[in-house]
């Protein structure tokens, strides 16, 4: 399994609730949903994560 970076993220409770609803609708964990949204935002800016096996996931 690929090593993952762990860090603390503080969010507005309303943002957390919206992420929970979205993740549930997409059948993902909140963590997976946040990573998906971050990858999507990076791709929109033409940034591709280097050396990540998950970089090619959609």
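A short reminder: the numbers here are calculations on the coordinates, not readings from a lab. Quick caveat: nothing in here was measured; it's all calculated off a predicted structure. All Cβ positions, even for glycine, are placed from backbone atoms using ideal geometry, and neighbour counts span all protein chains on display.
With respect to the chain, whose longest principal axis is taken over its alpha-carbon atoms, helix 30-44 is tilted by about 50°.
With R₀ set to 25 Å, the beta-carbon distance separating residue 3 from residue 35 gives a calculated FRET efficiency near 0.95. Over the chain, the Kirkwood radius and the radius of gyration, each from Cα atoms, give a ratio Rg/Rh of 0.98. Extending 7 Å from Cα along the Cβ direction at residue 28 and again at residue 14 yields two label points whose distance is 2.3 nm. Packing here is the average count of other Cβ atoms within 10 Å per residue, and on that basis the peptides 17-24, 42-49, 3-10, highest first, run 17-24, 42-49, 3-10. How tilted is helix 13-25 with respect to the longest principal axis of the chain? Cα atoms for both, answer in degrees (0 to 90, nearest 10). Orientation of helix 13-25: about 70 degrees from the principal axis.
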